[in-house]
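Report on the structure given below.
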Amino acid sequence: MSYTQAQLNNIYSVVGLNAAALSVLADAAQKYPANDFTVGDSTPSRLLNTAGFRFNFPVTFKENSHILKLDTNLTSKQTAFVRLNYIYDHDTLVNVANAGPQFPDTTIPTIWSHPWGFVVGHTWTIGSNLVNNLRYGLTREAFSQIGDHTGNQYSFRFVFDNVTTNPAFFTTSRVTPVHNILDDVAWIKNKHTILVGTNIRLISNNRITFTNAYDFAQTNPSGYQQGGNVISDPIDANIKSTHGPTWQLTSVSEAQNAGTALIGRFSQYSVNLTYDHSGNLTTPGTPTNSNFKTQSYDFYVQDSWKMRRDLTLTFGLRYGLSRPVYESNGFEVKPNIPLSQYFNARVNSAAQGVPLNAPITMELSGPANGKSPMYPWDYWNLQPRFGVAWSPSFSGGLLKGVFGGAGKTVLRDYINATVGFSELAEVTHRSSKSLMRMLGPNGNPNARNLFAIVAYLQQQAGIQFKLRPQRAHAQLRASGSLRRPA
């Protein structure tokens with residue numbers, strides 16, 4: 001059975017139907033007529049409380065990338081280059097988040113990704129043993145999500161939502177430029193190659209979002225007493241009084257959903273209040289704008305000393321100084337007690353069986369507020385480096401048989417006959433061509449690469465390979481043995 005507006009006003013005589021809600025629902029029913037009966041309790045021949053509306057919408061998928069390369073010889077001793085990459089991607093969010101527009105006449109949620117970057121380099125051969133390399137690069141990650149929320153949202157739960165809800169899409173944009181300056185000087189002096197340089201990074205992350213710019217109101221049957229029974233019980237009582245006590249309401253949930261929507265009283269209301277830096281309330285619909293920044297400065301010095309034709313030692317020291325991340329507009333706070341200190345105090349109190357309920361206060365912080373940073377500077381970020389590169393050459397014995405002598409390498413032939421260079425490349429994370437050159441007659445593998453290769457070959461062949469030193473005729477030699485487990 002169905003009810004007229006007058007009958008429903010009589011059934012819900014205490015509260016009555018909401019004229020504003022009726023207008024919204026009538027307008028939606030006219031613009032979006034029911035055509036999907038996989039949801040709700042209606043059928044094509046019998047419209048009851050609710051039904052669905054299905055429609056088509058265009059799906060776009062655009063990916064464009066543009067690359068520019070320029071190289072030039074400025075003088076006989078100076079070269080320069082420019083590299084530019086610009087990407088323009090424009091996709092509807094259904095491609096990445098399975099999200100389309102709420103209705104045919106509402107905004108289609110889309111995402112626009114438009115990063116770009118360029119680098120400029122200059123190389124100057126100052127002298128026969130002195131070279132300077134200067135690089136400046138800028139990478140600018142940027143994207144915009146175009147949402148369909150342009151005002152306060154209202155929702156008749158289980159019946160009608162004017163915009164996307166699960167998930168909800170708000171307009172958001174983010175721009176993250178990173179400036180990178182590198183300069184190093186290489187100086188060759190006898191058997192030493194000395195490298196001195198710097199690496200400077202200037203980073204910012206600007207984000208504008210409307211996520212908290214609008215309010216949300218909802219009619220929800222679950223917000224009524226007895227889980228919505230106060231909405232469906234009057235309908236059930238009317239049916240019994242009209243048709244007899246054996247009759248009852250079968251579509252309880254649908255009746256609760258529809259009745260709640262027609263009564264139109266918000267059972268849930270969420271307000272989002274945004275304040276400016278001075279503490280004044282901003283106009284509703286104002287986006288949140290934050291800009292986080294940091295800077296990093298690295299300085300390094302290195303000496304590669306070629307002690308012998310087959311042995312090179314490398315010593316280096318790097319110093320890094322990174323500024324604590326801060327919000328440049330002053331929207332930054334930190335606890336008045338460091339959280340690590342507060343946590344330790346709670347642990348100690350718990351061990352003594354005494355509760356610690358000292359309050360934590362959030363205080364302004366950061367340079368924009370003339371306060372200390374969110375976390376302290378680290379002035380002692382020293383990174384020493386040490387490396388050894390050894391190119392062995394054996395004149396006889398087992399090692400020559402495995403690694404080969406001058407102009408010949410047996411190990412390369414063994415790999416070709418067993419695991420192959422393609423498989424070895426996947427394991428060592430190096431290209432097969434690089435491995436072939438490394439193990440060729442003129443190859444110069446370092447100890448790490450060589451030991452990784454030998455270890456994998458041992459594993460595949462089930463062979464244990466051991467080295468032990470022995471002294472003979474005042475010379476230190478290495479002998480080895482191969483043993484295959486039984």
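The values are calculated or read from the model by the stated rules, or taken from the named source; none is laboratory data. Quick caveat: nothing in here was measured; it's all calculated off a predicted structure. Neighbour counts run over all protein chains shown; Cβ positions are idealised from the backbone, glycine included.
Structure data summary
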| read-out | value |
| --- | --- |
| Counted residues, region 433-448 - those being in a helix (DSSP H, G or I) and surrounded by fewer than 16 Cβ atoms within 10 Å (Cβ to Cβ) | 5 |
| Only listed residue being in contact with an Asp or Glu (Cβ under 7 Å, 6 or more places away or on another chain) and either surrounded by fewer than 16 Cβ atoms within 10 Å (Cβ to Cβ) or at pLDDT below 90 (or both), chosen from THR164, THR150, THR123 | THR164 |
| Residue list for region 341-375, filter: surrounded by fewer than 14 Cβ atoms within 10 Å (Cβ to Cβ) and of a type in the set (S, T, N, Q) | GLN341, ASN344, ASN348, GLN352, ASN357, THR361 |
| Number of positions in region 437-461 that are of a type in the set (Gly, Ala, Ser) and at pLDDT 80 or above | 2 |
| Verdict on THR38 being under 30 Å from PHE143 (Cβ atoms) and either touching a Gly at 6+ places or on another chain (Cβ under 8 Å) or basic (Lys, Arg) (or both) | no |
| Verdict on LEU17 being in contact (Cβ under 8 Å) with a residue 24 or more places away in the chain, assigned to a loop (DSSP other than H, G, I, E, B), outside the structural domain of LEU134 (by TED's automatic domain parsing) and surrounded by 13 or more Cβ atoms within 10 Å (Cβ to Cβ) | yes |
| Test set (1) at pLDDT 80 or above; (2) touching a Ser or Thr at 6+ places or on another chain (Cβ under 7 Å); (3) closer than 20 Å to TRP390 by Cβ - SER432 fails condition number | (3) |
| Strands (runs of 3 or more DSSP E) contained in region 265-357 and holding at least 2 residues at positive phi and in contact with a strand residue (DSSP E or B) (Cβ under 6 Å, 6 or more places away or on another chain) | none |
| Residue list for region 438-455, restricted to those being out of contact with any strand residue (DSSP E or B) (no Cβ under 7 Å at 6 or more places or on another chain), within 23 Å of THR314 (Cα to Cα) and not hydrophobic (A, V, I, L, M, F, W, C) | ASN442, GLY443, ASN444, PRO445, ARG448, ASN449 |
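Matching residues to (1) charged (D, E, K, R); (2) part of a loop (DSSP other than H, G, I, E, B); (3) modelled with pLDDT under 75; (4) farther than 16 Å from PRO445 by Cα:
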| residue | (1), (2), (3), (4) |
| --- | --- |
| VAL388 | no, no, no, no |
| SER393 | no, yes, yes, no |
| VAL402 | no, no, yes, no |
| GLY405 | no, yes, yes, no |
| LYS408 | yes, yes, yes, no |
| ASN416 | no, no, no, yes |
| VAL419 | no, yes, no, yes |
| LEU424 | no, no, no, no |
